[in-house]
Each structure stands twice: as structure tokens, then as C-alpha cells.
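Some notes on the structure that comes next.
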Amino acid sequence: MQDAREYLKLAEAIAKAPIIPPCMNTDPEIWFPVMEKDQSQARTAKKLCAVCPVRAECLTYAIKMNETDGIWGGLTLKERRQLGQGLNRESLKRPQNQSRRPRSLQGHPEQPQSQT
Ligand code: SF4
């Protein structure tokens, strides 16, 4: 059921996108480099993903579904795993009730409001 929900979220984002995602009108093999020699294909896929209107949704789908093949959201499997590990480390460090905003963006309640 989780699979279907995640797929529907991605499909909905694609349907609402202002342009067709590049992987849907380009040779799909580019997104599945298998050998070291395919690195130029991987670079091409990443460049195309960089301008894709559903990149975030695509990457989220791949991470949640633990996709093990291909480039999704501009990242390889290794890069997705590194991102996932980084996110897990961050969520372990930060208490749930603590703001995610950087201190520099948080208001200082003792500071007077500027008069404009
Ligand atoms: S971000 Fe995802 S949907 Fe967009 S081009 Fe890349 S692989 Fe395709």
C-alpha cells in the first residue's frame, strides 16, 4: 500500500508539472549506467535531472522506495544512500521540538522591533 501511495504522489507531481520530465522523452538507458564507461551517460542524466520540475518528488520516491537501480532525482544509488544516512544522523542529533531554522534566522524576542 505504501508503494502505491508513493507512486501516486510522484505521478501526481508529474501530471501537474509545467514540462514533461526529461527522462520521459529521452532514451531511458541514460538513467541506468551500468559500467564505469557509462559515466558520461550518468553526467548527462544528472544534468537533465537538474532542470526537472519534479526532481524533489522523484528523489523522495527513490529514497522511500529504496530504489537500487539508476539515477533518480539526479542522484545515484550511492549518493542517495549517503543523503539518507546524513538525514538519519541529523534526525538523531536534533530533539523533535527544536526548531529546524538556523539561529541566524530565528527572531530574538528581547530585541526591539525596528520602526519603519
Ligand atoms: S528527476 Fe526523476 S523524473 Fe526528473 S528527469 Fe530525473 S529521473 Fe526523471
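All of the numbers you see were taken from the coordinates with simple rules; none came from a lab. Quantities reported herein were computed from a predicted structural model and do not represent experimental measurements. For neighbour counting, all protein chains shown are included, and Cβ atoms are generated from backbone atoms with ideal geometry for every residue, glycine included.
Go through 67-74, 50-57 and give me the packing order, highest mean Cβ count within 10 Å leading. Intermediate results must be reported in sequence, preceding the final value.
Numbers: 67-74: 18.0, 50-57: 16.5.
Put in order of decreasing packing, that is 67-74, 50-57.
How many percent of Cα pairs in segment 2-86 exceed 21 Å? List each step's numbers first, then the result.
Values: 946 of 3570 pairs.
Above the 21 Å cut-off, segment 2-86 has 26 percent of its Cα pairs.
Just add up the charged neighbours of Thr44: K/R +1, D/E -1, any other residue whose Cβ is under 12 Å from the Cβ of Thr44.
Working: positive: Arg43, Lys46, Lys47; negative: Asp27, Glu29, Asp38.
With Lys, Arg at +1 and Asp, Glu at -1, the neighbours total 0.
Where does each of 14-20, 58-64, 77-83 land if you order them by average Cβ count within 10 Å, highest first? All intermediate terms of the calculation are to be shown ahead of the outcome.
Details: 14-20: 11.0, 58-64: 19.3, 77-83: 14.0.
Going by the mean number of other Cβ atoms within 10 Å, highest first, we get 58-64, 77-83, 14-20.
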